[in-house]
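Below is one structure, written out as structure tokens; comments come after it.
Each reported figure results from applying straightforward, stated rules to the coordinates on display, with no laboratory input. What you are looking at is a predicted structure, and each value in this text was computed from that prediction instead of being measured. Heads up, the Cβs are rebuilt from the backbone with ideal geometry, glycines too, and the neighbour counts pull from every protein chain shown.
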Amino acid sequence: MKKVKVYVTLRESVLDPQGSAVMGALHSMNYNEVTDVRIGKFLELQIEEADRDLDTIVKEMCEKLLTNTVIEDYRYEVEEVASK
Amino acid sequence: MKFAVIVFPGSNCDLDMYHAIKDELGEEVEYVWHDETDLSGFDGVLLPGGFSYGDYLRCGAISRFSNVMSEVVKAAEAGKPVLGVCNGFQVLTEAGLLPGALLRNKNLKFMCRTVGLKVENNETQFTSDYAKDEVIQIPIAHGEGNYYCDEETLANLKANNQIVFTYASENPNGSIEDIAGIVNERGNVLGMMPHPERAANDIMGGSDGLALFKSIVKHWRESHVNQA
């Protein structure tokens with residue numbers, strides 16, 4: 001069993017109004033060191049061992065459904081999960 | 001002319017769309033559940049507004065994989081008119097039938113009010129009953145209507161005259177070039193954030209949206225009379 005952690009963020013070229021609002025709040029709280037905030041999504045998938053290559057299917061799932069590549073970028077990490 | 005109003009779990013403007021076609025336009029219309037696998041009996045397809053699948057993941061992302069969507073793609077490829085309003089527009093971009101995507105409104109607020117729309121292109125089968133540059137009053141109701149596309153796509157939209165509606169005075173959502181609605185290259189798929197079906201009779205506060213549906217029917221009648 002594998003745990004796949006998928007991180008989704010808006011592409012650099014896309015304005016992130018939520019991130020901008022949060023940065024504004026942080027600045028008003030005197031955390032002026034913060035120069036950028038990007039808000040994204042975090043997905044955790046549990047995936048059973050199968051014949052299909054894990055990287056291939058994770059990329060497929062990300063590009064077909066989990067992200068919209070017109071506006072979003074993604075990256076993922078794979079962790080081993082002990083089978084019960 | 002017979003229209004299909006596609007109903008997803010979470011659609012909430014399907015009744016308005018149905019009413020506009022049946023009662024205001026006097027054409028045939030049926031609700032089609034998202035699980036259906038045949039749209040061959042219909043002449044036009046309407047994707048209504050709402051929050052299909054609760055807008056989970058992204059607006060329109062899950063609906064796009066409904067059974068009926070491969071039929072919607074087929075209808076679009078066959079040249080039938082396909083109109084997506086609000087959530088319907090989001091579904092069409094997710095499905096790749098229209099370029100670009102809809103982002104969260106720039107001011108992060110859900111905007112619900114009537115806005116002025118400028119008819120940028122009245123040479124489409126959806127807008128022939130309007131005058132070019134005419135300003136019409138149509139309600140909006142969305143939190144994610146901020147149209148975005150990359151520079152290359154924008155250049156293509158302009159070159160092919162695919163920008164159909166823009167916000168006339170104030171842009172409520174921060175969309176690129178004030179875009180409110182676009183068509184595909186072929187001109188038979190229109191996506192727009194404002195709701196023409198909510199402006200189909202003066203009793204609703206306005207009837208500027210009715211000409212859009214009349215344009216579709218007029219074009220259909222003309223092309224089917226010519227073929228006969």
The lysines whose Cα lies under 26 Å from the Cα of A:Lys59, excluding any fewer than 8 residues away in the same chain, are A:Lys2, A:Lys3, A:Lys5, A:Lys41
Largest fluctuation, B:Lys22, B:Lys109, B:Lys158 only, Gaussian network model of chain B with Cα springs under 10 angstrom, belongs to B:Lys158
Where nothing but the Cβ of Lys and Arg (+1) and of Asp and Glu (-1) is charged, how large is the charge dipole of the range B:143-218 around its Cα centre, in debye to the nearest 20? 440
Between the modelled labels at B:Arg186 and B:Trp33 (7 Å from Cα along Cα→Cβ) the distance in nm is 2.9
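Over all distinct alpha-carbon pairs, what is the Kirkwood Rh of the range B:88-223 in angstrom?
Values: mean 1/r = 0.0673 Å⁻¹.
Its Kirkwood hydrodynamic radius stands at 14.9 Å.
By the scheme Lys and Arg +1, Asp and Glu -1, what is the net charge of all other residues having a beta-carbon under 11 Å from that of B:Ala75? Show your work: numbers first, answer last.
Details: positive: B:Lys74, B:Lys80; negative: B:Asp38, B:Asp43, B:Glu71, B:Glu77.
Net local charge, B:Ala75 excluded: -2.
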Gaussian network model of chain B, Cα springs within a sub-10 Å range: biggest mean-square fluctuation belongs to which of B:Gly100, B:Gly41, B:Gly50? B:Gly41
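Roughly how big is the range B:1-120's charge dipole about its Cα centre, with Cβ charges of +1 (Lys, Arg) and -1 (Asp, Glu), in debye to the nearest 20? Present the calculation step by step, with values, prior to reporting the outcome.
Values: 11 positive and 16 negative charges, 163 e Å.
Dipole size: approximately 780 debye.
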Square roots of five times the C-alpha gyration tensor eigenvalues of the protein assembly as shown, ordered largest first and given in whole Å, equal 36, 25, 17
Can you tell me which of B:Arg104, B:Arg198, B:Arg186 moves the most in a GNM of chain B? Springs connect C-alpha atoms under 10 Å apart. B:Arg186
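Please quote Rg/Rh for chain A to two decimal places, taking the Kirkwood radius as Rh and restricting both calculations to Cα atoms. Intermediate results must be reported in sequence, preceding the final value.
Details: Rg = 16.6 Å, Rh = 14.8 Å.
Looking at chain A, the ratio lands at 1.12.
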So, in Å, what gap is there between the alpha-carbon centers of the range A:9-47 and the range B:141-167? 25
Show that you can apply the helix-only estimate: for the protein assembly as shown, add -39,500 (n - 2.57) for every DSSP H stretch of four or more residues, divide by all residues, and state [θ] at 222 nm to the nearest 500. -7000 deg cm²/dmol
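Under the classification rounded if a/c is under 1.5, otherwise prolate if a/b is larger than b/c and oblate if not, where does chain B fall, given a ≥ b ≥ c as square roots of the Cα gyration tensor eigenvalues?
Working: a/c = 1.27, a/b = 1.12, b/c = 1.13.
Rounded shape, in that the Cα axes give a/c under 1.5.
Given the Cα-Cα distance of A:Val78 and A:Ser13 and 0.36 nm per residue of separation, how much length would full extension add, in nm?
Numbers: separation 65, 0.36 × 65 = 23.40 nm, distance 2.73 nm.
So the extension gain works out to 20.7 nm.
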Quick one: which residues, 5+ away or cross-chain, put their amide H under 5 Å from the amide H of B:Gly84? H built at 1.01 Å from N. B:Leu47, B:Leu190, B:Gly191, B:Met192
Which of the three applies to the range B:20-144, rounded, prolate or oblate, going by the alpha-carbon gyration tensor with a ≥ b ≥ c and a/c under 1.5 meaning rounded? oblate
To the nearest 20 debye, chain B has a Cα-centred charge dipole, built from +1 on Lys and Arg Cβ and -1 on Asp and Glu Cβ, of 260
Global form of the range B:147-228, assessed from the alpha-carbon gyration tensor, a/c cut-off 1.5: oblate
Rounded to the nearest 0.05, what FRET efficiency do A:Asp36 and B:Leu108 have when you use their Cβ-Cβ distance and R0 = 22 Å? 0.80
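How much of the calculated P(r) for the range B:88-129 lies past 16 Å, in percent of all Cα pairs?
Details: 556 of 861 pairs.
It works out to 65 percent of all Cα pairs.
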Globularity ratio of the range B:89-158, using Cα Rg and 2.2 N^0.38 Å: 1.24
